[in-house]
1. What is the ratio of the Cα radius of gyration of region 51-186 to 2.2 N^0.38 Å, with N the residue count, to two decimals?
2. Which value in nm describes the separation of the simple spin-label points at Glu177 and Met271, placed 7 Å from the Cα toward the beta carbon?
3. Round to a whole angstrom and tell me the spacing of the C-alpha centers of region 152-227 and region 20-79.
4. Top mean-square fluctuation among Ile107, Ile126, Ile189, Gaussian network model of the chain, C-alpha springs under 10 Å?
5. Could you give the length gained by full extension between Glu97 and Thr116, i.e. 0.36 nm per residue of separation minus their alpha carbon distance, to one decimal place?
6. Using the heavy atoms of the protein chains alone and a 1.4 angstrom probe, what is the accessible area of region 182-317 per residue in square angstrom?
7. Run the simple label-point estimate for Ala77 and Glu202 please: 7 Å along Cα→C-beta, distance reported in nm.
8. Which one, Ile126, Ser61, Pro82, projects farthest toward the positive side of the charge dipole computed for region 47-132 from Cβ point charges (K/R +1, D/E -1)?
Amino acid sequence: MSATEQQPSTADSDAVSIYEVSLRDGLQNEKGVIPTEQKLVLFRALADAGLRRIELTSFVSPKWVPQLADAKELLAAVDAGPGMTLSALVPNAKGLERALGTGLHEIAVFLSASETHNKKNVNKTIDKTLHIFEEIVPPALEAGLRVRAYVSTVWGCPYEGPVDPARAIAIGKQLVELGCYQISFGDTIGVGTPSQTRDIVERALDALAPEQVALHLHDTRGTALANIVTALDMGIRQFDASVGGLGGCPYAPGAAGNVATEDLLYMLDGMGMKTGVDLNKLIEAGHVAERVVGRPLPGKVHKAGPFKRRGGVESAD
Ligand code: HMG
Ligand code: MG
């Protein structure tokens, strides 16, 4: 059975798939470069908690993102357990060349729904970026990698303000037609509200199947969980998250971290959803993340701890 076949089925209405981005989205935004050894310590804590989809790093230019320049060394050192899917960002042919043969199960291509953020982030127009993806997605698939895609700035752009959701969904559809199995729609700077999320998800579900839609919500203004509840009600079962709430985008000023994985898990557990992730161990991973970056992180549940529900899955032990 392949790694991806062992993940909770999104057709099962109470199974939710969490895609962990702290090692990539989180560490790319740290001021200093975290040593590879410390990244491994965090990886092991996340894997031990039961997270099975982990975005480890990026094969982007080390001049642009020096924090992730050790991508190859990290991949050579990680020990992916059974059923685990390891992923990394790939922006272009050079990135794909570096990623091949490293043991990755999938790659993630990325672009923005707004021109200015795309230009600041990858130094190209949206059209040119899509053209590059047309050149790299087919060989990646032929090499046996699955390909995920991000569409960023869907809820708003740090440079242009409001973004046309129809444009974002059209880009997502194009990427699915190219062979990407899932589109992670990003609230890159954390400006979204539930009514806006309802509109975006409705449009996404008009164009794509529910399992092709994931949400990647930075929690800058504290609305990520409200937006996730809205999307859960609409049948979305794939969410990106980052332990401790680590993260941001170095080319999106004002972006705080993603929704904290432990906060998301606490909520999902309490709603009776199934993720395969252990809350107590994930809380410990939140503490590990704090030690790795050397400062307190904004996630709430790793500080507050679990709460014992009568007959529930959580324990304060
Ligand atoms: P460029 O400078 O336009 O690239 O950068 P280029 O193709 O003109 O090449 C220039 C030099 O870079 C050449 O080297 C290339 O070989 C090298 P030189 O000849 O000068 O020695 N180069 C590379 N080296 C290693 N790996 C590569 C690579 N590509 C070129 N892959 C590029 C274009 C895309 C590379 C650059 O803009 C870049 O790396 N950007 C980084 C973007 C990034 O990582 N942003 C953060 C992640 S996105 C995000 O956080 C949002 C997300 O979380 C979703 C959300 O929140 O919404 C995903
Ligand atoms: Mg992000």
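1. 1.03
2. 3.2
3. Each part's Cα centre sits 24 Å from the other's.
4. In the Gaussian network model the winner is Ile126.
5. 4.1 nm is the gain from fully extending Glu97 to Thr116.
6. Per-residue value: 39 Å².
7. Placing both labels 7 Å along Cα→Cβ, they lie 4.9 nm apart.
8. Ile126
The values are calculated or read from the model by the stated rules, or taken from the named source; none is laboratory data. Treat the numbers as computed from the prediction; the structure is a model and nothing was measured. Ideal geometry is used to build each Cβ from the backbone, glycine not excepted, and the neighbour counts take in all protein chains shown. Just so you know, the surface numbers come from the protein's heavy atoms only, side chains and all, with ligands and any DNA or RNA stripped out. Shrake-Rupley method; radii C 1.70, N 1.55, O 1.52, S 1.80 Å.
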